[in-house]
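S.K.: My questions all concern the structure below.
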Protein chains: 2
Amino acid sequence: MTTQIKPNKKEVTREKNQKLILDAAEQLFSQLGYDGASMSMVAKEAQVPKANILYYFKSKDGLYESVIDRIIANWNLGLDNVTINDDPATVLYNYIKSKVILAVNQPMQSRLFASEILRGAPYLQNYFRTNTRPWVKQKVDVLQAWMDADKMDKIDPYHLLFTIWSTTQYYADFQAEVLLVMNKLEYDETDVAQITQSIAHIILKGIGLKIPEQSET
Amino acid sequence: MTTQIKPNKKEVTREKNQKLILDAAEQLFSQLGYDGASMSMVAKEAQVPKANILYYFKSKDGLYESVIDRIIANWNLGLDNVTINDDPATVLYNYIKSKVILAVNQPMQSRLFASEILRGAPYLQNYFRTNTRPWVKQKVDVLQAWMDADKMDKIDPYHLLFTIWSTTQYYADFQAEVLLVMNKLEYDETDVAQITQSIAHIILKGIGLKIPEQSET
DNA sequence: AGCTTTACTGACCAAAAGGTCAATTACTAA
DNA sequence: TTAGTAATTGACCTTTTGGTCAGTAAAGCT
């Protein structure tokens, strides 16, 4: 028999319920913001008594923090293991592409982060300091090395990163505006390619690179 | 004597008070969002009885709408009177520059719009449909004409506009993140030029243009 | 001056917010 | 089986919310 380490019904149901609650909370917080979503709404959405949520998460703040923590845990900043020897065009193209795919297909998390940052990032400050900042520092170094080796134009690498983030996340965070301006109801299958192409063209060419030959993924 | 058309004390004080209230509301809504800011906070900030706000603006919704209306009234979408005969590089460079200046110096309004769009733009839908959409259409036509005349690269003009909007607004809406990542407390005098330079370099070169010689404003 | 009308606001209200708690219902381990 | 512990939740609490309203003050008009 497979050595089960205590099936432990309690833990199982707790984790099941917590997931239910976190899913509902994630959706509501990203849709309505921290203040816009209420505990009773989350309770109703998760089909769980409100007191149960408080029992698991102590407070609304606690719930919100757990939602953010869970997102961060599954968060991939991308651009892993990039080194000076990699080809800038390929690396950046793939980064842009993956960010566009994320923005179009999973806008909720991006929007939750956006509304958090809009409010001054009270819960994300620590994350930015301990995770994003070192991550950025490292990428900036690689970008700088590429520039020093004349592989690409010399521009402020921070602003280059901000440019990539802003252009890609825009399609998640400002989806409502994009769709209204383009007179669409939702993104269609061709949009990801369209958006990736446009952004990659501008940014890559803009820093002196060529869009790499594609390349199925 | 100057022909005064009724100094009318009533109207004067009403307008003065309304301005007080709208200023306070604009600040609080942009800082805390619609749900995060309460009527009593606005009242306290504006140093006016809460009932007075309700008297002027009927409801919280009414106040919020008035705040948005006032912003829109003073809103300049920029790129006015652009024609096919203008020089794309100059026009776009100036547009980017003006948007960066706005983002760095007046981030509040940008953030209010951002949080409004994040929530699905309930109050801005109409504005987008009746104002932004036609505005965009017109600019898109000019951009397209420039492309057809081989004055710049052929890319989707909508996405080009989104790129300009996203990169510039980013410094207002995501100011907290930018500052945390760059380890700064606030933007300094050199930042506007830095940011403008970086964005303009990427975008203009990215669409086959050269940054125009500057040019004091 | 006095009368009318509009502007204002303190006191109040119902609803909803986040949160507590005592009582009940599971589980688990002996 | 059962005692002990942890999980669960309905009822309840306080505070705050957006909003009303009746009474008062202040113009405006003749």
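S.K.: Can you tell me which of B:P107, B:P88, B:P134, B:P122 is within 16 Å of DNA strand D (Cβ to nearest atom) and not β-branched (V, I, T)?
M.R.: On inspection, the qualifying residue turns out to be B:P122.
S.K.: Which residues, counting only those in the stretch A:147-191, are more than 26 Å from B:V181 (Cα to Cα), more than 8 Å from every other protein chain (Cβ to nearest Cβ) and part of a helix (DSSP H, G or I)?
M.R.: Across the stretch A:147-191, the qualifying residues are A:L179, A:E189, A:T190, A:D191.
S.K.: In addition: Being at pLDDT below 95 and surrounded by fewer than 20 Cβ atoms within 10 Å (Cβ to Cβ): is that true of A:N85 here?
M.R.: When the stated conditions are applied, A:N85 does not pass them.
S.K.: Among the residues of the stretch A:192-211, are any part of a loop (DSSP other than H, G, I, E, B), away from chain B (no Cβ under 13 Å) and surrounded by fewer than 16 Cβ atoms within 10 Å (Cβ to Cβ)?
M.R.: no
S.K.: Under 22 Å from the mean Cα position of the chain (by Cα) and either at pLDDT 95 or above or buried (at least 22 other Cβ atoms within 10 Å of the Cβ) (or both): does that describe B:Q144?
M.R.: In short, no.
S.K.: Taking the stretch A:102-121 on its own, how many of its residues are aliphatic (A, V, I, L, M) and either more than 9 Å from chain B (Cβ to nearest Cβ) or in contact (Cβ under 8 Å) with a residue 12 or more places away in the chain (or both)?
M.R.: Counting residues in the stretch A:102-121 that are aliphatic (A, V, I, L, M) and either more than 9 Å from chain B (Cβ to nearest Cβ) or in contact (Cβ under 8 Å) with a residue 12 or more places away in the chain (or both) gives 6.
S.K.: I've got another one for you. Evaluate the stretch A:5-12: report whether one residue or more is open to solvent by less than 90 Å² (accessible area, probe 1.4 Å) and more than 12 Å from DNA strand C (Cβ to nearest atom).
M.R.: No, the conditions are met nowhere in the stretch A:5-12.
S.K.: A further question follows. Looking only at the stretch B:125-141, count how many residues are open to solvent by less than 60 Å² (accessible area, probe 1.4 Å) and more than 8 Å from chain A (Cβ to nearest Cβ).
M.R.: Within the stretch B:125-141, residues that are open to solvent by less than 60 Å² (accessible area, probe 1.4 Å) and more than 8 Å from chain A (Cβ to nearest Cβ) number 4.
S.K.: Oh, and also: Suppose we filter the stretch A:122-139 for residues that are of a type in the set (K, R) and touching a residue at least 40 places away in the same chain (Cβ under 8 Å); how many remain?
M.R.: Total satisfying the criteria: 1.
S.K.: Could you tell me which residue of the stretch B:44-76 is nearest to DNA strand D (Cβ to nearest atom), considering only residues that are free of Cβ contacts under 8 Å to residues at least 12 places away in the same chain and part of a helix (DSSP H, G or I)?
M.R.: Filtering the stretch B:44-76 for residues that are free of Cβ contacts under 8 Å to residues at least 12 places away in the same chain and part of a helix (DSSP H, G or I), the one nearest to DNA strand D (Cβ to nearest atom) comes out as B:A51.
S.K.: Right, B:R133: of a type in the set (K, R), in contact with a helix residue (DSSP H, G or I) (Cβ under 7 Å, 6 or more places away or on another chain) and under 25 Å from A:L112 (Cα atoms) or not?
M.R.: It is false that B:R133 is of a type in the set (K, R), in contact with a helix residue (DSSP H, G or I) (Cβ under 7 Å, 6 or more places away or on another chain) and under 25 Å from A:L112 (Cα atoms).
The values are calculated or read from the model by the stated rules, or taken from the named source; none is laboratory data. Bear in mind the structure is a predicted one, so any value in this text is a computation, not a measurement. In this analysis, Cβ positions are derived from the backbone assuming ideal geometry, glycine residues included, and neighbour counts consider all displayed protein chains. Just the protein is used for accessible areas: all its heavy atoms, side chains included, with ligands, DNA and RNA removed. Shrake-Rupley method; radii C 1.70, N 1.55, O 1.52, S 1.80 Å.
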